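Novice: I am attaching a structure below and will ask some questions about it afterwards.
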Amino acid sequence: MAVSADRNAAVKKGSTPVGIDELLERVRAGYDRIGPPEAAAAAEAGALLVDIRYAALRDRDGLIPGALVVERNELEWRLDPQGSHRAAEAVGHDLQVVVICNEGYASSLAVASLRQLGLHRATDLIGGFQAWRAAGLPVASA
């Protein structure tokens, strides 16, 4: 019943609920995603790689050297350049941020949120950490 009530509330507000696949499509249409080689080049040029995977995945699969680890539930607070809990790396709204999750799904939703905070150069890694590793790019033990 709660789901039905939520859907009815959304319709009454003038928006039609969408499924996750459509939501991802809509979010991703608003920016250009990048692949592993482009993400590595962006990092070399000063972009901030942000790994939002949870600890068990980092422990299992390793880390991208130089990436800032910020779990998803803290991302907006840590990357908002105006926020009181921001990471030292969150130097301004012009910062290029590449969000990395495990396979490239959660990172797309995270980018949408960062863009709402004014981080207009935020993007994500197509295929996530798994694509980075499969491309033979550097991975360090956690």
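Novice: On the protein heavy atoms, probe 1.4 angstrom, tell me the percent of accessible surface of the chain carried by carbon and sulfur.
Specialist: 52
Novice: So how strong a dipole does the stretch 28-80 carry about its Cα centre when Lys and Arg Cβ are +1 and Asp and Glu Cβ are -1, to the nearest 20 debye? Intermediate results must be reported in sequence, preceding the final value.
Specialist: Numbers: 7 positive and 10 negative charges, 33 e Å.
I would put it at about 160 debye.
Novice: Measuring from centroid to centroid over Cα atoms, what is the spacing of the stretch 52-70 and the stretch 16-35 in Å?
Specialist: Centre-to-centre distance over Cα atoms comes out at 24 Å.
Novice: Among S84, G35, G14, whose Cα projects farthest towards the positive end of the dipole of the chain, with charges put on the beta-carbon of Lys, Arg (+1) and Asp, Glu (-1)?
Specialist: Value computed over the given set: G14.
Novice: For the stretch 17-63, just say rounded, prolate or oblate: build the C-alpha gyration tensor, square-root its eigenvalues into a ≥ b ≥ c, call rounded for a/c under 1.5, and beyond that prolate if a/b exceeds b/c, oblate if not. Before the final figure, lay out the partial values.
Specialist: Details: a/c = 3.11, a/b = 1.30, b/c = 2.40.
It is oblate, given that a/c is not under 1.5 and a/b is not larger than b/c.
Novice: Give me the number: length gained by fully extending E44 to E71, i.e. 0.36 nm times residue separation minus the C-alpha to C-alpha distance, one decimal in nm. Mind showing how you got there, number by number?
Specialist: Details: separation 27, 0.36 × 27 = 9.72 nm, distance 2.28 nm.
Once the chain is fully extended between E44 and E71, it gains 7.4 nm.
Novice: Please compute the length gained on full extension between S84 and V139, using 0.36 nm multiplied by the number of residues separating them and subtracting their Cα-Cα distance.
Specialist: Gain on extension, S84 to V139, equals 16.7 nm.
Novice: Continuing with the same structure: Leaving out ligands and nucleic acids, note down the accessible area per residue over the stretch 21-142 with a 1.4 angstrom probe, in whole Å². Can you show the working numbers first?
Specialist: On the way: 6260 Å² over 122 residues.
Value returned for the stretch 21-142: 51 Å² of accessible area per residue.
Novice: Could you compute the net charge surrounding L119? Neighbours are other residues with a C-beta less than 14 Å from the C-beta of L119; K and R count +1, D and E count -1.
Specialist: Numbers: positive: R78, R86, R115, R121; negative: E76, D80, E89, D94, D124.
Spelling it out: positives minus negatives among the neighbours equals -1.
Novice: If you take percent of Cα pairs over 26 Å apart from the coordinates, which of (i) 37; (ii) 28; (iii) 42 do you get?
Specialist: Here the calculated entry is (ii).
Novice: Rounded to the nearest 20 Debye, what is the dipole magnitude of the chain about its Cα centre when Lys and Arg each give +1 and Asp and Glu each give -1 at the C-beta?
Specialist: Details: 15 positive and 18 negative charges, 71 e Å.
Magnitude of the dipole: close to 340 debye.
Novice: Provide the packing ranking of 87-98, 18-29, i.e. peptides ordered by the mean count of other C-beta atoms within 10 Å per residue, highest first. Before the final figure, lay out the partial values.
Specialist: On the way: 87-98: 16.0, 18-29: 12.0.
Final packing ranking: 87-98, 18-29.
The values are calculated or read from the model by the stated rules, or taken from the named source; none is laboratory data. Nothing here was measured: the structure is a model prediction, and the numbers come from that model. A quick note on method: Cβ atoms are made from the backbone with ideal geometry, for glycine too, and the neighbour counts reach across all protein chains shown. For the accessible areas, the whole protein counts, side chains as well, though only heavy atoms, and no ligand, DNA or RNA atoms are used. Shrake-Rupley method; radii C 1.70, N 1.55, O 1.52, S 1.80 Å.
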